Amino acid sequence: MRKYGVDDIHAFLRALDTKLPRTVEITIIGGAAIGLVYDGAHTTTDIDLPPTNDEVFWNAVREVTAKLKRPVPVAPVSIYEAPYDWEGRRMLMSVPGVTKLVIWVPEAHDLAIMKLARGATHDFQAIEDIHRSHPLKAKVLVERYYDTLTQKTGSAADFRLSLLALVYRLFGPEEARRVERRLDEEKPPPLGPV
């Protein structure tokens, strides 16, 4: 599969911006968000977005895709698992030359949990890419893990094992044991604001 780097994504977003007759807001999730904000060396196969029905946006995407030699595929992701209230923690980002496209990306821990919930092998590497430039905190990852449990459609046991494997990978065996004890001993906190 073709891989796209941050320069490819910037070029695509600038071309897209020229085709928009008005301001359009999007949220970029997945590997493109990692490359744009957290690790400029990270590559991706597409630009993932939560679903949007904005015809102006999709018309511009179709027009740019037809004209560019190397268009970055844009894919609405209808199923993704994210921590509760992740939209409230999104970060606004800017791309030089982009004026009409308002671009949001998930906060680092939220994006890490989104990748973890999917659980593919390359998702662990993507989380390491985030962690290298924006160090994650184990405590926050556990909190966001709990916030995602009520929305997780797959196996909760596999999700737990993935979290423990990630903590081991990022923070070492002692921290993984501490997190495992916490998961065993504590009742998960309530969802959302108390």
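The values are calculated or read from the model by the stated rules, or taken from the named source; none is laboratory data. Bear in mind the structure is a predicted one, so any value in this text is a computation, not a measurement. We place every Cβ from the backbone using ideal geometry, glycine too, and count neighbours over all the protein chains shown. Protein only, heavy atoms only, side chains kept; ligands, DNA and RNA dropped before computing areas. Shrake-Rupley method; radii C 1.70, N 1.55, O 1.52, S 1.80 Å.
Farthest toward the dipole's positive end in the chain, which of Val24, Gly5, Val37, given Cβ charges of +1 (Lys, Arg) and -1 (Asp, Glu) about the Cα centre?
Gly5
Rounded to the nearest 10 degrees, what's the angle between the helix 55-67 long axis and the longest principal axis of the chain, both from Cα atoms, 0 to 90?
Taking Cα atoms only, the helix is inclined about 70 degrees.
Using a simple charge model, +1 on the beta-carbon of Lys and Arg, -1 on the beta-carbon of Asp and Glu, nothing else, what dipole does the chain show about its Cα centre, in debye to the nearest 20?
380 debye
Please identify, among Lys67, Lys139, Lys152, the residue showing maximal mean-square fluctuation in a Gaussian network model of the chain using a 10 angstrom Cα cutoff.
So, out of Lys67, Lys139, Lys152, the one fluctuating most is Lys67.
Roughly how many Å² of Thr18 are accessible to a 1.4 Å probe, to the nearest 10?
100 Å²
Can you tell me the orientation of helix 156-171 relative to the chain, as the angle in degrees between its alpha-carbon axis and the longest Cα principal axis, to the nearest 10?
It is inclined by approximately 90 degrees.
When the chain is modelled as a GNM with alpha-carbon springs shorter than 10 Å, which of Gly119, Gly30, Gly88 fluctuates the most?
It is Gly88.
Under the rule of at least 5 residues apart or a separate chain, name every residue whose amide H is placed under 5 Å from the amide H of Ile29.
So Ile29 has HN proximity to Asp48, Leu49.
Using the Cα centre of the stretch 107-181 as the reference point, and only Cβ charges (+1 on K/R, -1 on D/E), how large is the resulting charge dipole? Debye, rounded to the nearest 20.
Charge dipole, the stretch 107-181, about its Cα centre: 160 debye, nearest 20.
What do you get for the angle between helix 108-118 and the principal long axis of the chain? Use alpha-carbon atoms, 0 to 90 degrees, nearest ten.
80 degrees
Exceeding 23 Å between C-alpha atoms, which entries from my cross-link table qualify? They are Lys19/Lys67; Lys3/Lys100; Lys3/Lys67; Lys100/Lys152; Lys67/Lys115.
Going by Cα-Cα distance, Lys3/Lys100; Lys100/Lys152; Lys67/Lys115 fall outside the 23 Å limit.
Mind grabbing the accessible area of Tyr168 for me, 1.4 Å probe, Å², rounded to tens?
Looks like 130 Å² after rounding.
Once P(r) over Cα pairs in 10 Å bins from 0, in percent is worked out from the coordinates, which option in (i) 9, 32, 27, 15, 7, 5, 3, 2, 0; (ii) 6, 18, 26, 25, 18, 6, 1; (iii) 9, 35, 32, 17, 6, 1 does it equal?
After the calculation, the listed value that fits is (iii).
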